[in-house]
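In what follows, a single structure is set out as structure tokens and then discussed.
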Amino acid sequence: MYPAPAAANLWCLFPGNCWRWRTETRKTWRTWHGSVRNAAREVHCERGNPVLGKELWETLNVRLAAILDGKDDEGRWETDDKGVTYGWFRLTAQKDILPVAKVVAGLGGRVMAITAAQAGHGLTQGVEIAYHFAIGVINCTFSTVLTDPQREAASITPILRSADWHEREMQELYDVKVLDHPNPRRLFIDAGQQMADNLLVPLSTAMDDSCTTRLWERIMQAGSGEGKK
């Protein structure tokens with residue numbers, strides 16, 4: 001005969017205490033589950049409420065206009081049928097991202113991603129950096145091009161901590177010097193490895209059927225040429 005589980009033994013010895021523990025555990029779980037459910041409902045209502053989205057957009061637009069007024073920066077806004085607003089801005093100078101980050105931080109926003117790509121087709125072209133922010137029901141992207149050969153970019157991590165890993169990753173993969181970063185240590189690449197342009201092939205390019213087809217055609221052409229010789 002197998003021994004009874006420890007929980008069953010405790011239940012037999014202390015039925016009153018075990019019952020109270022079970023009741024309190026259920027109450028705690030219900031309270032936690034209810035708070036999570038209410039928080040999720042509030043977020044859903046905020047995202048689907050065009051009034052809240054409009055008020056937030058107006059506040060953001062006023063603050064951005066105050067810091068970008070008189071500059072040659074370009075921008076546009078779009079809103080989908082669910083009330084989510086998207087903005088795209090192009091900054092003439094990378095340092096203009098600093099006041100933008102302060103506006104985002106002041107409205108409780110965060111950095112979703114920071115992406116970098118080679119600007120142009122030549123190997124000596126600059127690097128385009130895109131900062132993707134989320135502010136409530138608003139998503140906005142600010143892009144700028146580093147034309148300086150030094151590729152220096154001011155860090156926004158002291159303003160928005162959510163930019164920490166994104167800037168460090170950009171510094172490793174695209175050879176961009178992030179200035180005044182509070183923790184410039186490398187994330188995953190060895191300190192002795194120096195990255196350069198066109199060293200990494202994007203996964204989407206590597207898996208592209210047309211890319212592999214062109215490669216195979218070149219191999220066939222090279223083989224046929226050697227046969228003729």
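Some notes on this structure:
- Computed FRET value (nearest 0.05) for V84 with R185, which takes r as the C-beta separation and R₀ as 30 Å: 0.25
- Using the alpha-carbon positions of the range 57-187, Rg (one decimal) and Dmax (whole number) come out as 14.6, 43 Å.
Computed from the coordinates by the stated procedures, all read-outs in this text should not be read as laboratory data. The model shown is predicted, which means the values in this text are computed figures rather than measured ones. Quick reminder, even Gly has a Cβ in these numbers, built from the backbone with ideal geometry, and neighbours come from all protein chains shown.
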